[in-house]
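Trainee: Let me give you the structure first, and then I'll get to my questions.
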Amino acid sequence: FVSLQMHKGTADSQLLMNVAVWESTEALATAFGSPEFQRMAAEFGDDIVSYPHIFEQINV
């Protein structure tokens, strides 16, 4: 794990976006598969929805 940024929607939005930077795709997969991660994820409330994605940075 390298870094994390949280973003909140504007106005009255209740949406949060977590942008995490990992050393590699393999490091992310290892973290997702770890028992500790699975325990933490199981504790999320039913109103928490997650859509994990892998992105690559582009220059604009």
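Trainee: For the range 1-55, name all the residues that are without any contact (Cβ under 8 Å) to a residue 12 or more places away in the chain and acidic (Asp, Glu).
Mentor: Asp12, Glu26, Glu36, Glu43, Asp46, Asp47
Trainee: Only one residue in Gln14, Gln57, Gln5 is within 10 Å of the chain's Cα centre (by Cα) and among the polar types (S, T, N, Q), so which one is that?
Mentor: Every option except Gln5 fails the conditions.
Trainee: On to the next question. Of the conditions (1) outside any loop (DSSP other than H, G, I, E, B); (2) surrounded by 10 or more Cβ atoms within 10 Å (Cβ to Cβ), Met6 fails just one. Which one is it?
Mentor: Condition (2) is where Met6 drops out.
Trainee: Scanning for something at pLDDT 95 or above, assigned to a strand (DSSP E or B) and loosely packed, with under 10 Cβ neighbours inside 10 Å, does the range 19-40 turn up at least one residue?
Mentor: Within the range 19-40, not a single residue is at pLDDT 95 or above, assigned to a strand (DSSP E or B) and loosely packed, with under 10 Cβ neighbours inside 10 Å.
Trainee: Taking Ala42, is it at positive phi and over 14 Å from the mean Cα position of the chain (by Cα)?
Mentor: In short, no.
The values are calculated or read from the model by the stated rules, or taken from the named source; none is laboratory data. Only a predicted model underlies this, so the values are computations on that prediction, with no experimental measurement involved. Here the Cβ is made from the backbone with ideal geometry for all residues, glycine too, and neighbour counts use every protein chain on show.
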